[in-house]
Amino acid sequence: MATFDKQIMQWITTMWQDFRQGKESIVPMALWRIVFGLLLVVEAWGAIATGWVRKAFVDPKFHFVHRPFDFLQPLEGEGMLYVFIIMGILGLGVMLGFFYRISVTAYFFLWTYVYLMQKASYNNHYYLMVLLLFLMILMPVHRALSLDVLANRVTPSNTIGKWSRYTLITLLLIVYTYASLNKLYPDWLAAKPLEIWMKAKADLPIIGPSLQAPWLPKLLAYGGILFDGLIIPMLLWRRTRWIGAVLAFVFHLTNSIIFQIGIFPYMMIGSMVLFFPPDEIQRRFFPKRLPEDTSDNPPLSRPLLVLLLSFLTLNILLPLRHHLMPGDVTYTEEGHKMSWRMMLRAKSAEYPSFFEVVDTETGVRQRINPADYLTDKQLAKVFCLPDMTWQFAQMLKEDIRRTENREVEVYVTCRCSINGNEAVTMYDETVDLTSVPYSLFQADDWIIASK
């Protein structure tokens, strides 16, 4: 036992020294930059081509913005289309290593701006892109295989600090580990959400009928837990690396085909280049020598070390915050976002669910049809997601004050069903939502579901 403990401590010490001072071939990180940049282009210009930008930012009358950034609003008219056009150009800059630092930094700020304004379209991979873009700003991945090198804007380098690759791998380990652990709840173990989703896929061409096999939801449910929990260790361990790579390729490609979840599967497939020995990657892709290394490539500085460790620590702790609040996060949503709770439940409002305004002077009550204000996508989420319910109530009060010059209180009656279970009452129907706060890091008494 003492020998084993000694070996563990020696391994930790070696890894720490590598993280601080180690160097390795830059090729895997440069290839990751190219793949990541290409996917940034696809994300930006694909959002325009599919009409997503128009549906998310141009058509809606009201935008559900992540708090406390309520001051952010989309550009008027066709302005957001131009934002995405610019992001596509910046993505090309990242991919080609053309004014790389400017390109990746500008994309980070524009994408964060977009991310903060599309709560109705919240997606974990959108959040992951914010984190990855932030890290890529810090990493000198443009010192090889880039136009910046050809133009002599940066000093070429054959090597890069190991901290770059280690940080990305650690972030992916956090993401996949939480994705696995979050699935360990009764409805997922019973494959309830997957049964609902598979039935909804019955009309898919070619594969639709096959997805109706009664054993498939259970296989996907338990397979998802095992895959998310084991894939990073499998890719890290030399003996299982190729098996893990094949499994990851098949898993993510299948997810893309069935669920159409954007660039995330391809981003994860591309990230596999980070798990193979850098020298091996260089021999396979660039057997000839890269341009002569003339950079000093200094060890990781103390300020950057503190920043990276703080970043990783925050990402470990943030998904745990829901444990500090009463109730089931699946119902209350308190602590749900930014926690890698990916595709865990099917949630829908049931009749009767409605908003009601009460005139503060006359006491006259009036039911409001949210469809008069919201798009179909917003309407599908406004009742069962408490933060959006609260925001819509504030918007109603302000809109009536502005257009009708009267003061109202706003109440909501809402019953939500999760994974086909019996519907529950979500909110205290006696509370005027415009008179109560919505807290970011503590429980709200007016959310009563499962409390």
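Structure values in brief
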item	result
Members of the stretch 135-145 that are touching a residue at least 60 places away in the same chain (Cβ under 8 Å), assigned to a loop (DSSP other than H, G, I, E, B) and on the phi < 0 side of the Ramachandran plot	139, 141, 142, 143, 144
Of residues in the stretch 276-299 being at pLDDT below 70, surrounded by 15 or more Cβ atoms within 10 Å (Cβ to Cβ) and not aliphatic (A, V, I, L, M), the one farthest from residue 138 (Cα to Cα)	293
Residue match in the stretch 146-169 (condition: of a type in the set (Phe, Trp, Tyr), in the same structural domain as residue 42 (by TED's automatic domain parsing), assigned to a helix (DSSP H, G or I) and within 17 Å of residue 47 (Cα to Cα))	no
Condition check for residue 36: hydrophobic (A, V, I, L, M, F, W, C) and modelled with pLDDT under 95	no
Residue in the stretch 91-111 that is at pLDDT below 95, on the phi < 0 side of the Ramachandran plot, among the basic types (Lys, Arg) and in the same structural domain as residue 51 (by TED's automatic domain parsing) present	no
In the stretch 60-83, the residues that are within 15 Å of residue 390 (Cβ to Cβ) and either surrounded by 17 or more Cβ atoms within 10 Å (Cβ to Cβ) or not assigned by TED's automatic domain parsing to the domain that holds residue 116 (or both)	62, 63, 64, 65, 66
Residue within the stretch 232-248 that is surrounded by fewer than 19 Cβ atoms within 10 Å (Cβ to Cβ), closer than 18 Å to residue 343 by Cβ and in the same structural domain as residue 266 (by TED's automatic domain parsing) present	no
Number of positions in the stretch 119-134 that are over 12 Å from the mean Cα position of the chain (by Cα) and surrounded by fewer than 20 Cβ atoms within 10 Å (Cβ to Cβ)	1
Qualifying helices (runs of 4 or more DSSP H) (wholly inside the stretch 300-412; at least 2 residues being surrounded by 17 or more Cβ atoms within 10 Å (Cβ to Cβ), in contact (Cβ under 8 Å) with a residue 40 or more places away in the chain and assigned by TED's automatic domain parsing to the domain that holds residue 227)	none
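Let's see how each residue does on (1) out of contact with any Ser or Thr (no Cβ under 7 Å at 6 or more places or on another chain); (2) among the aromatic types (Phe, Trp, Tyr); (3) surrounded by fewer than 18 Cβ atoms within 10 Å (Cβ to Cβ):
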site: 108; (1), (2), (3): yes, yes, no
site: 115; (1), (2), (3): yes, yes, no
site: 149; (1), (2), (3): yes, no, no
site: 153; (1), (2), (3): yes, no, yes
site: 156; (1), (2), (3): no, no, no
site: 167; (1), (2), (3): yes, no, no
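The values are calculated or read from the model by the stated rules, or taken from the named source; none is laboratory data. All of these numbers come straight from a predicted model, not from anything done at the bench. Every residue, glycine as well, gets a Cβ built from its backbone with ideal geometry; the counts of neighbours run over all protein chains shown.
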